[in-house]
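Colleague: To start, I am sharing the structure in question, which I have written as structure tokens.
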Amino acid sequence: MSDDPDLERAYALETPDDSRVLYADWADSYDSGFAEASGYVLHLEVARHYALIGGFGPVLDVGAGTGLCGVALAERGIGPVDGTDISPEMLAQAKNKNVYRNLFSANLLDGLPPPDDLYQGAVSSGTFTNGHVGPAGIDAVLDVVRSGGWIVLSVNARHYGAAGFAAKLAEIAPRITEHSQTEVAIYTPDATGPHARDNALLLAFRKA
């Protein structure tokens, strides 16, 4: 590739095929070249919040990428964890972390394959963001979680308003209960760069 993968390219994605190409290029260096180097901690916030509200497994990690959130869940004793992502190359990195029961590639906007049994919960870190997945992706997550199961989705704070997440939450109100929003930092306080002060909203709710 003429351009190394980075956050600006990720935020500029327009199609699922764009995502597959970018993350195929980024998979090998994502953890060290981006997550560690930038002080990325959103996956830790998602796992912490899921545990805090009483979430437990089996749980589906939506947009699992290289498995950062799966590791964070496992470190909190939450499992089993399955993972899905649009990029097989990213999932290959996640497999190496040895925390996932099952991993499968899928485009969230096309829906997720029906699981053998509905999940007790679902999480997502970094997938509902600029250039990636909008509010329409929430439906597929709800479809694979059983009644009473907790869902925690991180949504980039700017993306939340621009993409119409508030309207989507109003639409699915009959399908969810105990909805809350918690604003968290995406990066550590000492992070630098153009997005270092970006925040995300953790959307937490139970399936009715």
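Every read-out reported here was derived from the displayed coordinates using simple, explicitly stated rules and does not represent laboratory data. Since the model is a prediction, treat every value here as computed from it, not as a measurement. Using ideal geometry, Cβ is built from the backbone for each residue, glycine included, and neighbour counts are taken over all protein chains shown.
Colleague: Enumerate the whole-percent occupancy of each 10 Å bin, from 0 to the last occupied one, for all C-alpha pair distances of the range 7-207.
Modeller: 9, 39, 40, 11, 0
Colleague: Hey, another quick one. Using the charge dipole of the chain (Lys, Arg: +1 at Cβ; Asp, Glu: -1 at Cβ; taken about the Cα centre), state which of G161, N102, V59 has its Cα farthest towards the positive end.
Modeller: So the residue we want is V59.
Colleague: Can you give the calculated 222 nm mean residue ellipticity of the chain, where each DSSP H run of n ≥ 4 adds -39,500 (n - 2.57) and the sum is split over every residue, rounded to the nearest 500 deg cm²/dmol?
Modeller: -8000 deg cm²/dmol
Colleague: Ok, one more. If you rank E183, E45 by fewest surrounding Cβ atoms within 10 Å, what's the result? Could you put the intermediate results ahead of the total?
Modeller: Numbers: E183 10, E45 20.
Lowest to highest Cβ neighbour count: E183, E45.
Colleague: DSSP beta bridges in the range 102-208, what fraction antiparallel, as a percent rounded to 5?
Modeller: Taking every DSSP beta bridge within the range 102-208, about 70 percent pair in antiparallel fashion.
Colleague: OK, next. When the convex hull of the C-alpha atoms of the range 102-208 is computed, what volume per residue in Å³ does it have? The partial results should precede the final answer.
Modeller: Numbers: hull volume 12.4 nm³, N = 107.
Spelled out: Cα convex hull of the range 102-208, divided by residues, is 116 Å³.
Colleague: What is the set of long-range amide H partners of F56 at a cut-off below 5 Å, with H atoms built 1.01 Å from backbone N?
Modeller: W150
Colleague: Go through the range 47-64 residue by residue and turn each phi into a ³J(HN,Hα) via Karplus (6.51, -1.76, 1.60, θ = phi - 60°); whole Hz please, and just put x for glycine and proline.
Modeller: 5, 4, 5, 4, 5, 4, 8, x, x, 8, x, x, 10, 9, 8, 8, x, 4
Colleague: Turning to a different aspect of this structure: Taking Cα pairs under 8 Å and at least six residues apart, what relative contact order does the chain come out at, in percent?
Modeller: So the answer I get is 21 percent.
Colleague: Please get the size of the charge dipole for the range 146-208, origin at its Cα centre, with Cβ charges of +1 on Lys and Arg and -1 on Asp and Glu, quoted in debye to the nearest 20.
Modeller: Using only the charged Cβ atoms, the result is roughly 300 debye.
Colleague: Looking at the range 7-207, what % of its DSSP beta bridges pair antiparallel, to the nearest 5?
Modeller: Approximately 45 percent, going by the DSSP bridge assignments.
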